[in-house]
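The values are calculated or read from the model by the stated rules, or taken from the named source; none is laboratory data. Because the structure is predicted, anything quoted here is derived from the model rather than measured. All Cβ positions, even for glycine, are placed from backbone atoms using ideal geometry, and neighbour counts span all protein chains on display.
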């Protein structure tokens, strides 16, 4: 659903929200609750303050904006590929999935250099065959995640958790890569791929 503030027919926010007390400061005590009372939500307010508003923001409101979960908007897109024509069901083969890379969706905050990452398999159990090494900067933010051992045989996107006593909000997403399965031992979990490229 389109954010209210992205709809040109909805806005703009009342002048009072951008000139609290005549000082041009958006604050937690008056402007934030007033915006909520008008029907705006945290997503609307974050979008407005980050993309439209040109005044100052008080310290309390800035802390809210620094929190990655305040007014967070997650966009998801689902794509469905068409099936092969019935007379073209050829070119199928088996693949083995493994972790090829790790995308840092949110580096979080408060982490320490000794913190570690654990990969959970599709059942939610620690995967001993996969190892990811994280790097934390001086601000306590996770800045990189290196795949040391890729694991194998994933039938889902595995989860990565951070072992920490001090850090919060990091979100690391494994990116799978697929290798053709050749001479795999019996019992190895493989995925079936039907390649329709050039056949439709």
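Looking only at residues of the stretch 161-183 that are exposed (fewer than 12 other Cβ atoms within 10 Å of the Cβ) and either on the phi > 0 side of the Ramachandran plot or under 17 Å from the mean Cα position of the chain (by Cα) (or both), we find that the one that is modelled with the lowest pLDDT is 183. Taking first residues from the stretch 112-140 that are assigned by TED's automatic domain parsing to the domain that holds residue 162 and free of Cβ contacts under 8 Å to residues at least 24 places away in the same chain and partners that are crowded, with 18+ Cβ neighbours inside 10 Å and not in a loop (DSSP other than H, G, I, E, B), the Cβ contacts under 8 Å between residues at least 6 apart in sequence or on separate chains come to 113/136; 126/119; 131/119; 131/147; 133/117; 133/145; 135/142; 135/145. Listed here are the strands (runs of 3 or more DSSP E) enclosed by the stretch 101-160 that have at least 3 residues being surrounded by 19 or more Cβ atoms within 10 Å (Cβ to Cβ): 130-136, 142-150. Checked against the criterion of being touching a helix residue (DSSP H, G or I) at 6+ places or on another chain (Cβ under 9 Å) and closer than 21 Å to residue 72 by Cβ, the stretch 144-159 contains not a single residue that satisfies it.
Of the residues in the stretch 66-82, at least one is in a helix (DSSP H, G or I) and at pLDDT 85 or above.
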